[in-house]
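Before any comments, here is the structure.
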Amino acid sequence: MAESNSGLVGSFPHLDSLLHAIENLKKTGYRELQALSPIPHHAIDAALEKPTSPVRVFTLIGCLLGSITGFVLTIATSLHYPLITGGKPIVSIPPFLIIVFELTILFGGLLTLGGMLWNARLPRVHIVPAYNPRFSEDRFGLWVPCDEKEFDEVTRLLESAGAEQVTPATR
Amino acid sequence: MSQLTYSQVDHDILSAMKSPGRRYYLLLLADVLVLAWGIYAWRYQIVHGLGVSGLTHPVMWAIYITNFVFWVGIAHSGTLISAILYLFRVRWRAGIYRTAEAVTVFALFTAGLFPIIHLGRPWFFYWLLPYPQVGGLWVNFRSPLVWDVFAVMTYMIISMLFFFTGLVPDMAVVRNRTSGWRHKIYAFMAQGWQGSDRQWRHYKAAYLFLAALATPLVISVHSVVSWDFAQTIVPGWHSTIFAPYFVAGAIHSGLAMVITLLIPLRKVFRLDAYLTQGHLEYLAKLIILTGLIVGYSYMVETYIAWYSNNIPEWQHFTYQITGEYAVPFWIMILFNSLVPLLFFLKPIRTSTPWLFGIAILINIGMWMERFVIIVTSLAHEYDPNSWGLYFPTWVDISITAGSFAWFFFWLLLFAKFLPVVSIVEVKEELPPPVVTKEGVT
């Protein structure tokens, strides 16, 4: 459905009717459904069959980058200006590990945030028309991408599952 | 909380953000006046030099470093409640974690000022950072003071990330209910959040990993702060017990501060359904644990000093107990390790006045603990010829009072501009609305 951005949004007062609608639409062959909900719920993710979020890869890369930065920063700067303090070796790994640890966490955290923003496509300037403020309050939304000739069938499927309102909206 | 509905949650929590009354402005004004006085004292100290504070040989670290350690410690309980309890899937954290996390961020704002206030020439604070300068000289990574810079700055950045990430879905709720300039600010903070399954999936993953990163971080931060002392050879400081002792003490003081703040918040904003007596009781139970650890540390420290048969070490402990600073020492023992034991009694830990009173005493006791550790050790080092005393002047006291005003200034703004209880997490704890009887698991 990449060529078309048209679709219908169903608004559900109940979580289980939303899940029911997702199942029915999937059986009929509709794909790329998008749920909008006030809370995260694992049942929604399971129904939509979404893969595990790749944010964890960003965290790992951030942590590795942080460790490397920590080692390079401490060792290279100590060698660059070799000044013996307290009779300790120029490259003193045990104290340097503290800097390495802190930078591991710092870079890991920053890249986790970056990974979230990147994957969730945030920040966004325009809210999609499919969004209804009540989807942040107490309603569950389901956006179904479909052509105008499919509107009747999708409306029927959404309403039979328990949607209280079905409105056309673009992504 | 099972009788609440989602829109009721929105309504209750957002009603705390309505325009404040006259009492709020009076409180804010009083706070700003104390803050302004503290800033004036700092200005006075910068103009006339550090000599106007009570700092004098041999006690060159005193109330400023006490405040630094105290505020970093206060920060710790926020991370405990928001990150560690999140990893353990402790359900009761939902109602209190936003406030605890705000305490973390604002306590770090305050703590971060003190090493700078403590500098004779504060405008050179950036010398602590590694940057390429013309002489080719870098910071000394073998120094605990540099570890401190890295630990506290990392902690501040990660806590703020965690705080603002947790706020994003709530900001969407506030955005939808406001208009005008407020709407613009909240819409910016919500970053275009719409609660799509895609956003939630990545958000939850990021939140989990931030919690997992914050957990070892919080333990490292107060360990590093303790090594500022333990890495020296000063009697009373040079001890391997310092890191766990400081971390437990930090959480002890932080939990007490969270109780001190939650009780008025709950009353003023009528959030009894969200911040229940049960929440305070759980916190009181955690305080029993940390209080016992702190009390145990006091005993072990003293025992090891005696058992080591090291004369300077043992004279330090006898001096603590009987010397000029014996009153702060006994306040510390009484308020930190004995008074919290009253929480073993159920009527006491479920009574709001008792909880509030004991929490205040622990705050005082923990501040005294840091004062005793720092000042008594420096006052009586090895050479009796160089023994000396420290007494705070009006400058030290004004800056300390100003730091409390600074912390409460941010907290007062937070209480009015942001939801003090996480809307989304409270909703998550409620059973989701369903048609069928069996519900969704």
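Quick notes
- Checking each residue in region B:103-130 for being small (Gly, Ala, Ser) and either surrounded by fewer than 23 Cβ atoms within 10 Å (Cβ to Cβ) or within 14 Å of another protein chain (Cβ to nearest Cβ) (or both) picks out B:112, B:120.
- Filtered residue count, region B:142-185, keeping only those that are surrounded by fewer than 22 Cβ atoms within 10 Å (Cβ to Cβ), of a type in the set (Ser, Thr, Tyr) and either assigned to a helix (DSSP H, G or I) or in contact (Cβ under 8 Å) with a residue 60 or more places away in the chain (or both): 1
- Residue within region A:107-114 that is in a helix (DSSP H, G or I), more than 7 Å from every other protein chain (Cβ to nearest Cβ), touching a residue at least 40 places away in the same chain (Cβ under 8 Å) and not hydrophobic (A, V, I, L, M, F, W, C) present: yes
- Taking region A:115-127 as the range and being touching a residue at least 24 places away in the same chain (Cβ under 8 Å) and within 7 Å of chain B (Cβ to nearest Cβ) as the test, the residues that pass are A:115, A:116, A:119.
- Against the list (1) within 14 Å of another protein chain (Cβ to nearest Cβ); (2) outside any loop (DSSP other than H, G, I, E, B), the condition residue B:136 fails is (2).
- Residue in region A:142-152 that is surrounded by 15 or more Cβ atoms within 10 Å (Cβ to Cβ), more than 8 Å from chain B (Cβ to nearest Cβ) and acidic (Asp, Glu) present: yes
- Checklist (1) facing chain B (nearest Cβ under 9 Å); (2) more than 16 Å from residue B:205 (Cα to Cα); (3) of a type in the set (Asp, Glu) applied to residue A:45, failing item: (2)
- Odd one out for residue A:46 among (1) more than 27 Å from the chain's Cα centre (by Cα); (2) part of a helix (DSSP H, G or I); (3) surrounded by fewer than 17 Cβ atoms within 10 Å (Cβ to Cβ): (1)
- In region B:186-211, the residues that are in a helix (DSSP H, G or I) and either over 25 Å from residue A:144 (Cβ atoms) or more than 7 Å from chain A (Cβ to nearest Cβ) (or both): B:186, B:187, B:188, B:189, B:190, B:205, B:206, B:207, B:208, B:209, B:210, B:211
- Condition check for residue A:150: free of Cβ contacts under 8 Å to residues at least 40 places away in the same chain, of a type in the set (Asp, Glu) and either assigned to a loop (DSSP other than H, G, I, E, B) or not assigned by TED's automatic domain parsing to the domain that holds residue A:63 (or both): yes
- In the set (1) within 14 Å of chain A (Cβ to nearest Cβ); (2) touching a residue at least 12 places away in the same chain (Cβ under 8 Å), the condition left unmet by residue B:89 is number (2).
- Residue within region A:70-90 that is within 10 Å of another protein chain (Cβ to nearest Cβ), in contact with a Lys or Arg (Cβ under 6 Å, 6 or more places away or on another chain) and part of a helix (DSSP H, G or I) present: no
The values are calculated or read from the model by the stated rules, or taken from the named source; none is laboratory data. Just so it is clear, the model here is predicted, and its values are computed rather than measured. Note: ideal-geometry Cβ built from the backbone for every residue, glycine included; neighbour counts use all protein chains shown.
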